[in-house]
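Below is one structure; the comments refer to it alone.
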Number of protein chains: 2
Amino acid sequence: MTVAIERDLLLLDAATQDLLFREARTANTFTDEPVTEDQVQAIYDLVKWAPTAMNSQPLRITFVRSAAARERLVAHMNEGNKAKTAAAPLTAIVEVDTDFHEHLPTTFPHAPNAKDGLSGNDTGRIAMARFNGAIQLGYLIVGIRAAGLAAGPMAGFDAEAINKEFFGDGKHQVLAVVNIGKPGPDAWFPRNPRLDFDQVVTTI
Amino acid sequence: MTVAIERDLLLLDAATQDLLFREARTANTFTDEPVTEDQVQAIYDLVKWAPTAMNSQPLRITFVRSAAARERLVAHMNEGNKAKTAAAPLTAIVEVDTDFHEHLPTTFPHAPNAKDGLSGNDTGRIAMARFNGAIQLGYLIVGIRAAGLAAGPMAGFDAEAINKEFFGDGKHQVLAVVNIGKPGPDAWFPRNPRLDFDQVVTTI
């Protein structure tokens with residue numbers, strides 16, 4: 001099947017397919033153009049509608065805007081991620097609130113016992129937070145692209161140190177650090193290959 | 001900030017915002033209209049481009065099409081998920097391949113030691129598979145919606161039983177089961193509230 005035919009099988013128009021998936025790339029350099037509060041609010045207010053298990057919504061975001069906070073973050077990034085994190089117009093610490101269940105009486109009202117069921121099960125609740133938070137990280141990356149911005153998600157950092165430095169309460173756990181902005185010069189590496197449909201999909 | 005202003009801050013047009021996020025809903029009933037092989041290939045060939053750490057791409061999908069396979073799956077779904085899984089036009093077992101690192105010499109060629117580094121670290125590799133697979137599940141749900149279909153992702157099933165029943169090699173782990181199709185009558189429950197921007201976001 002050619003790409004042209006495949007594109008027609010989707011309701012999403014070709015330009016939007018490019019914007020969100022085909023042409024969008026993980027950026028490693030950014031221009032100086034700021035990312036505004038209004039833009040990040042628009043991104044959140046779009047992606048918040050995507051689903052999570054039990055409407056749990058464990059994702060939290062700490063936007064690093066001040067020079068002092070950025071310095072504290074860069075100190076805990078892996079060597080290869082320090083320079084780009086220092087230079088990005090905006091950086092998001094993407095984390096989960098492992099006490100997300102406190103909101104369930106409001107966010108999942110038809111199951112009044114859901115909160116109590118999870119409060120005694122720390123291991124299960126933390127796993128649920130991390131799993132659903134990762135799904136929401138996927139939505140967030142799509143949302144950043146939907147605003148015409150590039151995302152630079154990174155997994156290379158000292159997670160324990162970031163948790164201690166920024167989330168003193170022990171209830172928040174970092175999942176990823178994401179640089180956000182307009183792509184700068186030489187923003188990306190050559191694109192790496194993706195697995196083929198037949199390598200990923202089985203039909204039974 | 002009103003929704004109208006927020007929509008204008010995104011590059012994504014309002015109809016597409018609705019298609020992917022604002023109006024899209026988790027479906028619990030479906031019409032009989034089939035979901036074709038071409039459609040699922042188009043969905044995969046769109047979402048495969050979204051990023052994963054080290055281009056690891058651990059997500060795998062087992063599409064359940066035969067009546068016999070569906071019966072084997074339904075047996076391991078929680079009571080409340082049995083009927084809708086039995087009736088959906090297509091159901092996907094969304095899983096990860098914890099041996100995803102075998103592909104790294106091809107998919108992440110500039111780090112020739114990446115495969116060996118992960119092969120001796122089962123715990124780290126499985127965590128990496130599950131984390132990146134969950135991010136990809138987020139992309140997949142957006143991709144299903146991009147095809148004009150509704151997704152019904154479910155976490156209520158016996159994971160260990162599904163792994164044993166369908167993935168005898170011990171290397172694949174189910175993350176979610178997702179019904180896919182056109183929404184049927186009374187397809188959704190009333191929408192539950194989302195957390196506000198100020199409940200989720202901190203700026204430092």
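Points worth noting:
- Lone unmet requirement of (1) over 23 Å from A:Ala187 (Cβ atoms); (2) open to solvent by 40 Å² or more (accessible area, probe 1.4 Å) for A:Glu33: (1)
- Residue that is of a type in the set (Lys, Arg), at pLDDT 95 or above and not in a helix (DSSP H, G or I), where the choices are B:Arg145, B:Arg194: B:Arg194
- Positions within segment B:36-54 being at the interface with chain A (Cβ under 7 Å from one of its Cβ atoms), part of a helix (DSSP H, G or I) and open to solvent by 10 Å² or more (accessible area, probe 1.4 Å), in sequence order: B:Asp38, B:Gln39, B:Gln41, B:Tyr44, B:Asp45, B:Val47, B:Ala53
- Answer from A:Ile43, A:Ile61 - the residue that is under 24 Å from A:Phe131 (Cβ atoms) and in contact with a Gly (Cβ under 6 Å, 6 or more places away or on another chain): A:Ile43
- Here B:Gln136 qualifies as crowded, with 22+ Cβ neighbours inside 10 Å and either free of Cβ contacts under 8 Å to residues at least 60 places away in the same chain or closer than 30 Å to A:Thr106 by Cβ (or both).
- The set of residues from segment A:9-23 being part of a loop (DSSP other than H, G, I, E, B) and either more than 8 Å from chain B (Cβ to nearest Cβ) or open to solvent by less than 50 Å² (accessible area, probe 1.4 Å) (or both) comprises A:Leu10, A:Leu12, A:Glu23.
- Of the numbered criteria (1) part of a loop (DSSP other than H, G, I, E, B); (2) free of Cβ contacts under 8 Å to residues at least 24 places away in the same chain; (3) open to solvent by less than 60 Å² (accessible area, probe 1.4 Å), the one A:Gln57 fails is (2).
So that you can scan it fast, the table gives a plain yes or no per residue for (1) under 17 Å from the mean Cα position of the chain (by Cα); (2) at pLDDT below 95; (3) within 11 Å of chain B (Cβ to nearest Cβ):
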| position | (1), (2), (3) |
| --- | --- |
| A:Ala151 | yes, no, yes |
| A:Phe157 | yes, no, no |
| A:Lys171 | no, no, no |
| A:Gly181 | yes, no, no |
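- Here B:Arg72 fits the description: open to solvent by 10 Å² or more (accessible area, probe 1.4 Å) and touching an Asp or Glu at 6+ places or on another chain (Cβ under 7 Å).
- Taking segment A:94-142 as the range and being assigned to a strand (DSSP E or B) and not hydrophobic (A, V, I, L, M, F, W, C) as the test, the residues that pass are A:Glu95, A:Asp97.
- For segment B:95-132, a tally of residues being under 25 Å from A:Asp18 (Cβ atoms) and open to solvent by less than 20 Å² (accessible area, probe 1.4 Å) returns 2.
- For segment B:103-125, taking the residues that are touching a Ser or Thr at 6+ places or on another chain (Cβ under 9 Å) and of a type in the set (D, E, K, R), the one that is farthest from B:Ala53 (Cα to Cα) is identified as B:Asp122.
- Test result for B:Phe166, in contact with a Pro (Cβ under 6 Å, 6 or more places away or on another chain) and in contact (Cβ under 8 Å) with a residue 40 or more places away in the chain: no
- Selection over segment B:155-171 of residues that are hydrophobic (A, V, I, L, M, F, W, C) and either exposed (fewer than 14 other Cβ atoms within 10 Å of the Cβ) or in a helix (DSSP H, G or I) (or both) gives a count of 4.
- Subset of segment A:183-195 (residues that are within 13 Å of chain B (Cβ to nearest Cβ) and open to solvent by 90 Å² or more (accessible area, probe 1.4 Å)): A:Trp188, A:Phe189, A:Pro190
The values are calculated or read from the model by the stated rules, or taken from the named source; none is laboratory data. Fair warning: this is a prediction, and the values are worked out from it, not measured in the lab. As a convention, Cβ positions derive from the backbone with ideal geometry for all residues, glycine included, and neighbour counts pool all protein chains shown. Just so you know, the surface numbers come from the protein's heavy atoms only, side chains and all, with ligands and any DNA or RNA stripped out. Shrake-Rupley method; radii C 1.70, N 1.55, O 1.52, S 1.80 Å.
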